[in-house]
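Single-structure report; data block below.
The values are calculated or read from the model by the stated rules, or taken from the named source; none is laboratory data. The model shown is predicted, which means the values in this text are computed figures rather than measured ones. Ideal geometry is used to build each Cβ from the backbone, glycine not excepted, and the neighbour counts take in all protein chains shown.
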Amino acid sequence: MSTSAKVLSVSQLNGQIKYLIEQNFSHIWLEGEISNLVKASSGHWYFSLKDDKAQVRCAMFKSANNRVSFPVKDGSQILLRANASLYQPRGEFQLVVESMQPAGVGKLQLEFEALKNKLSNEGLFAADLKQPLPANISRVAVVTSAKGAAIHDIISILARRAPNIEVEIYPCLVQGENAAMDICQKLHWASEDNKCDVIIVGRGGGSIEDLWAFNNETLAYTIHQIDKCVISAVGHETDFTICDFVADIRAATPSAAAELVSQTSLDVQTKLPHLQHKLEHAMQFKINELNHKLNALQHQLTRLNPLNQIQLKQQWLDEAELRLAQKLNAQLHRNHTKLVSLQQRLAEHNPKYLLSRQQQQLSYLTQNLDAKIEKVLNKQFDQLHYLAQQLNTLSPLNTLNRGFSITSIHGKAVKSIQQVEVGDKLEHKVADGIIHSQIISKTES
């Protein structure tokens, strides 16, 4: 390794990467589905934002998620604004979420802002292209719904304040899938009316979805190409559409458009809207410039603010808390398993249990002993019976029953003629008694 090579520590590397990410990816908008949502005890939220191909880890601190006004849970489809960052202790890429809203309405708002910026960059909103309100208005074309309150208000006000002005109505759809193309067609027809001095296009108020036909790109180009003064009168005073920005004059409401056309002061009628639009344009430019500077300062403040470090530490603490809880649960489970094992062993060595087992064994042995004694006795009885039979067979008494006798003298059996003399008295034992005799003579064989 070259001695001139700079060796970085891991924390230095992560710090430089964190700085590069935060410098280049700030205030970005993303849409996706929430998963793995964890609401920590500190009030911070940690979750993943995913689509069908990828996911990214997100952290939304308590100071930001306090402003979320809708329920957030796993599976929620959301639109969020965030700053990319790096969780330095682990070197993990994450998003620090600033704001969040449900997907849908927020998506329409983003499409509106994207189209607005595109048309603005193309010059469709340029103040020097705006046509002033004509000095002498004799005929007004109104492009709106024939059944809505807007046309009723316009006709009533013009009839009261400027009855000399003719009103030509071009009824059209003002809501739905085909509304934008229908409005373009009716605007084209109105622009071809040579007697028409000014065109009012609009409708009454509603949600952003209701007014969405007036945020159409084709409609913007159609209005831009009309060589007559076009007044946009869409919704209420707080509603803004692309039609309002591209039109020559924006009226807060359809009624305001009718009042503007019927103005008695032509100077005010021709100059005020034009100057107002120029002022709005200049203010918007200045606001955008200041917002850019403010975002840069906010980013710098976020990077240098001690609160950022506190939030990082809080995130680390939240994760440590989760890990501790998991370890405690695992330890409790191990202790419970050990306790159950010890209880089982204790039960196995319980004197009551052992006594019961010994009693069962004693009962078994007693039964076994009784059986063996009975078996031995039966065997001895059989052997005794056999020996008795043998004894009976060999017994002298049995011989006596066949007619034999036993001769004895002085209690001794006479086996030889030499044991007796003539005159001796003998006893002869037969089967049923004893016979006494005296020797008269003896003869040797």
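Matching residues to (1) farther than 26 Å from Q300 by Cβ; (2) of a type outside the set (D, E, K, R); (3) loosely packed, with under 14 Cβ neighbours inside 10 Å:
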{"site": "N24", "(1), (2), (3)": "no, yes, yes"}
{"site": "I28", "(1), (2), (3)": "no, yes, yes"}
{"site": "G32", "(1), (2), (3)": "yes, yes, no"}
{"site": "L37", "(1), (2), (3)": "yes, yes, no"}
{"site": "A40", "(1), (2), (3)": "yes, yes, no"}
{"site": "Y46", "(1), (2), (3)": "no, yes, no"}
{"site": "C58", "(1), (2), (3)": "no, yes, no"}
{"site": "S63", "(1), (2), (3)": "no, yes, yes"}
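With respect to K118, is the statement that it is of a type in the set (D, E, K, R), farther than 14 Å from E217 by Cα and assigned by TED's automatic domain parsing to the domain that holds L279 true? It is false that K118 is of a type in the set (D, E, K, R), farther than 14 Å from E217 by Cα and assigned by TED's automatic domain parsing to the domain that holds L279.
Listed conditions (1) on the phi > 0 side of the Ramachandran plot; (2) touching a residue at least 24 places away in the same chain (Cβ under 8 Å) are all met by N65, apart from (1). In this structure, does R250 turn out to be touching a helix residue (DSSP H, G or I) at 6+ places or on another chain (Cβ under 8 Å), surrounded by 14 or more Cβ atoms within 10 Å (Cβ to Cβ), basic (K, R) and modelled with pLDDT under 85? Answer is no for this residue. Of the residues making up region 1-9, none is more than 16 Å from W316 (Cα to Cα) and touching a residue at least 12 places away in the same chain (Cβ under 8 Å). Residues that are small (G, A, S) and either modelled with pLDDT of 85 or more or not in a helix (DSSP H, G or I) (or both) within region 365-388 comprise just one, A371. Screening D239 against (1) surrounded by fewer than 18 Cβ atoms within 10 Å (Cβ to Cβ); (2) at pLDDT below 85; (3) under 30 Å from S63 (Cα atoms); (4) assigned by TED's automatic domain parsing to the domain that holds I208 leaves a single unmet condition, (1). Per the listing E111, E22, E33, the residue uniquely out of contact with any strand residue (DSSP E or B) (no Cβ under 6 Å at 6 or more places or on another chain) and acidic (D, E) is E111.
Does A150 fit the bill of being more than 14 Å from P254 (Cα to Cα) and in the same structural domain as A258 (by TED's automatic domain parsing)? So A150 fails the test. Where strands (runs of 3 or more DSSP E) fall wholly inside region 43-102, the ranges with 1 or more residues that are within 16 Å of the chain's Cα centre (by Cα) and within 21 Å of F25 (Cα to Cα) are 45-50, 55-60, 77-87. Just one of (1) outside the structural domain of I223 (by TED's automatic domain parsing); (2) modelled with pLDDT of 90 or more fails for G91. It is (2).
Residues in region 232-258 that are aliphatic (A, V, I, L, M), touching a strand residue (DSSP E or B) at 6+ places or on another chain (Cβ under 6 Å) and free of Cβ contacts under 8 Å to residues at least 60 places away in the same chain: V234, A247, A251. Just one of (1) at pLDDT below 90; (2) crowded, with 19+ Cβ neighbours inside 10 Å; (3) among the hydroxyl-bearing types (S, T, Y) fails for T144. It is (1). Consider I310 carefully, then state whether it is at pLDDT 80 or above and under 30 Å from N14 (Cα atoms). Answer is yes for this residue.
Within region 267-278, one or more residues are touching a helix residue (DSSP H, G or I) at 6+ places or on another chain (Cβ under 8 Å), under 30 Å from H27 (Cα atoms) and at pLDDT below 85. Residue count for region 198-236 under the criterion of being crowded, with 20+ Cβ neighbours inside 10 Å and charged (D, E, K, R): the result is 1.
Is it fair to say G123 is at positive phi, modelled with pLDDT under 90 and surrounded by fewer than 13 Cβ atoms within 10 Å (Cβ to Cβ)? Here the answer is no, as G123 does not meet what is asked.
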